Amino acid sequence: MKITICGSITFYQKMEELKKILETNGHEVYIPLLSNEGPTEMGGGKKINFGKYVDDNGGMDAFPCGHELWSLKEKAIRDHFDKIEWCDAIVVSNYEKKGITGYIGGNTLIEIGLAFFFKKQIYILNDISSELSYKQEIYGMKPILLDGNLNLIN
C-alpha cells in the first residue's frame, strides 16, 4: 500500500521511525519534507521547522502576510498535498505536544480533510485528545484508530 505519514514536524523523528516500520511491512511510504532551504535571514542553507522558527523569532505577529516565510510554507504544504493525492492511505502521527496527548494541529487537520476529500483511508496512530475542539470533525471523517498498532493497517 502507498502511505503518506502526516503530523506535526515536532514528531519528525518519530515519523522517520514509522516510515521504516511501514516499509519493513511492505508499504511504500512518504513523510513530510523537513522543510525547504531557509533564506539567508533564517540561517540559509539549512532545513527549517516553521513552527519552531516562528516561535523562536517573535511569534506569528513578527511575520506578516506576504513575508518570505509564507512562500516556503506554501511550498511545503503543496508538496505534502501531492503526497496525499498519490497515496492509498494516510497515517496520522499524533503524540503529546504542548501538554496535549494525541495532538493534531491545524496543518494536520487540513491534511486529514484533504485525504477525506480524495477518499483515502485515514489511520490515526494514537487516541485523539478531547481538548481539541475539532475532534468531532475528525471522527466524522471515519478514521481507523490504531491505538499504536501499525499491524492494523491492511
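Would you calculate, for the chain, the mean residue ellipticity at 222 nm contributed by helices, counting each DSSP H stretch of 4 or more residues as -39,500 (n - 2.57) and dividing by all residues, to the nearest 500?
Numbers: 5 runs with 57 residues, N = 154.
Mean residue ellipticity at 222 nm (helix-derived): -11500 deg cm²/dmol.
Seen against the Cα atoms of the chain and their longest principal axis, helix 106-117 is set at about 50 degrees. Measuring against 27 Å, Cα to Cα, the residue pairs Lys14/Lys83; Lys20/Lys75; Lys19/Lys120; Lys2/Lys52; Lys73/Lys119 contain Lys2/Lys52 as the ones spanning a longer distance.
In this structure the amide hydrogen of Val92, modeled in the peptide plane, comes within under 5 Å of the amide hydrogens of Cys6, Tyr123, Ile124, Leu125, none closer than 5 places in sequence on its chain. Using only Cα atoms and rounding to the nearest 10 degrees, what angle (0 to 90) does helix 12-24 make with the longest principal axis of the chain? Long axis of 12-24 versus the principal axis of the chain: about 40 degrees. Pairs of C-alpha atoms in the chain farther apart than 28 Å represent 20 percent of all such pairs. Counting only protein heavy atoms and a 1.4 Å probe, the chain has 55 square angstrom of accessible area per residue.
Between Lys135 and Ile77, take the C-beta separation as r, use R0 = 25 Å, and let me know the FRET efficiency to the nearest 0.05. Don't jump to the answer; show the numbers that get you there.
Details: r = 23 Å, r/R0 = 0.90.
Plugging the Cβ-Cβ distance into 1/(1 + (r/R0)^6) gives 0.65.
Of the peptides 57-69, 95-107, 6-18, the ranking by mean beta-carbon count within 10 Å, highest at the top, reads 6-18, 95-107, 57-69. Potential lengthening of the chain between Phe117 and Lys14 amounts to 34.5 nm, from the contour at 0.36 nm per residue minus the alpha-carbon distance.
The values are calculated or read from the model by the stated rules, or taken from the named source; none is laboratory data. What you see is a predicted model, and the numbers here were worked out from it, not measured in a lab. Reconstructed Cβ throughout: ideal geometry from the backbone, glycine too, with neighbour counts over all protein chains shown. Protein only, heavy atoms only, side chains kept; ligands, DNA and RNA dropped before computing areas. Shrake-Rupley method; radii C 1.70, N 1.55, O 1.52, S 1.80 Å.
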